[in-house]
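Engineer: Just passing along the structure, written as structure tokens.
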Amino acid sequence: MSKRLFVSVDLDGLAAEVEAVQELFEGASGLSFVDPARAHVTLKFLGDTDEDRIPSLIEELETAVEGSGVGPFEATFGGLGVFPSMEYISVVWLGVREAGDRLTALHEAIEDRAVGMGFDPEDHEFTPHVTIARMNHAGGKELVQEAVRECDPDAGTLRVEEVRLTESVLTSEGPEYSTLESFEL
């Protein structure tokens, strides 16, 4: 058996703020919105992981978080962006205004340990962000482009005190997340 896993910083308590940002894109055809209550910054997507590897993964993640040199911090979220480009939009995201350097330090420490265990390395530069929507077709592309260019929303500040190892189970209603382990900063 395997589990679909990722490592994240969750935006607990900012669901209303994330939902308010999503409302900027109301009416954009082709967008499917992420549940604001599940909003998070993905530090490392691990993918399908054999269950027998999870205990050693937890040990490595604990070492990575401790070794990152990052203690509890305040992160401020705001601004908008898209991946991979404004011409071809697959993801709409909320940015990190303050503490992106700390999230990057956590990502780098986790990436090193995960790759050392045989997980695939990232194939792109890490950009701290919160995915708020996915674009399934380009029907509402112009509305999305306009909102990203012209809006600069604030989505609040969060005290980050832990990193989580999360299991994602894909369902017809969207992914269901459960925390397997938390790592205190």
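Engineer: Can you give the accessible area of Arg113 in Å² (nearest 10), computed on protein heavy atoms with a 1.4 Å probe?
Structural biologist: 90
Engineer: Okay, next question. Report in % the part of the accessible area of the chain that belongs to carbon and sulfur, leaving out ligands and nucleic acids; probe 1.4 Å.
Structural biologist: C and S fraction of accessible area: 44 percent.
Engineer: Return the whole-Å distance between the Cα centroid of the stretch 25-50 and the Cα centroid of the stretch 140-185.
Structural biologist: Cα centres, the stretch 25-50 to the stretch 140-185: 6 Å.
Engineer: A further question follows. How far apart, in nanometres, would the label points at Arg134 and Ser32 be if each is projected 7 angstrom from Cα along the Cα-to-Cβ direction?
Structural biologist: Using points 7 Å along Cα→Cβ, the separation is 0.5 nm.
Engineer: Select one label from (1) 16.5, 48; (2) 19.3, 72; (3) 20.0, 72: the one whose number is Rg and Dmax of the Cα atoms in Å as derived from the coordinates shown.
Structural biologist: Of the listed options (1) 16.5, 48; (2) 19.3, 72; (3) 20.0, 72, (1) comes from this structure.
Engineer: What net charge do the residues around Glu184 carry, taking every other residue with its C-beta under 12 Å from that of Glu184, with Lys and Arg at +1 and Asp and Glu at -1?
Structural biologist: After counting each charged neighbour, the total is -4.
Engineer: Which part of the stretch 36-80 falls in the paramagnetic zone of Asp12, meaning amide N under 15 Å from the point 7 Å along Cα-to-beta-carbon?
Structural biologist: Counting only backbone N, you get 37-41, 72-75.
Engineer: Please calculate how many Å² of accessible area the chain carries per residue, with a 1.4 Å probe and no DNA, RNA or ligand atoms counted.
Structural biologist: 51
Engineer: Grab the beta carbon distance between Thr179 and Arg149, set R0 = 41 Å, and tell me the FRET efficiency rounded to 0.05.
Structural biologist: 0.70
Engineer: In the chain, if the dipole is taken from +1 on Lys/Arg beta carbons and -1 on Asp/Glu beta carbons about the Cα centre, which of Ala64, Trp93, Val115 is farthest to the positive end?
Structural biologist: Trp93
Engineer: Specify the angular offset, from 0 to 90 degrees and rounded to the nearest 10, of the alpha carbon long axis of helix 54-67 from the longest principal axis of the alpha carbons in the chain.
Structural biologist: The two axes meet at around 80 degrees.
Engineer: Kindly state, to the nearest 0.05, the FRET efficiency for Thr76 paired with Met1, given R0 = 30 Å and r defined as their beta-carbon distance.
Structural biologist: That pair, Thr76 with Met1, gives E of 0.15.
Engineer: Assuming 0.36 nm per residue, please report the length gained on full extension of the stretch Arg97 to Glu162 beyond their Cα-Cα distance.
Structural biologist: Length gained between Arg97 and Glu162: 21.5 nm.
Engineer: Taking 35 Å as R0, compute the FRET efficiency from the Cβ-Cβ separation of Glu142 and Val115 and round it to 0.05.
Structural biologist: 0.35
Engineer: Relative contact order for the stretch 2-184 using alpha-carbon pairs under 8 Å, separation at least 6, rounded to a whole percent?
Structural biologist: 34
The values are calculated or read from the model by the stated rules, or taken from the named source; none is laboratory data. Model, not experiment: these values are computed from the prediction. Glycine also receives a Cβ, built like all others from the backbone with ideal geometry; neighbour counts cover every protein chain displayed. Ligands, DNA and RNA are excluded from the accessible area calculation, which covers all protein heavy atoms including side chains. Shrake-Rupley method; radii C 1.70, N 1.55, O 1.52, S 1.80 Å.
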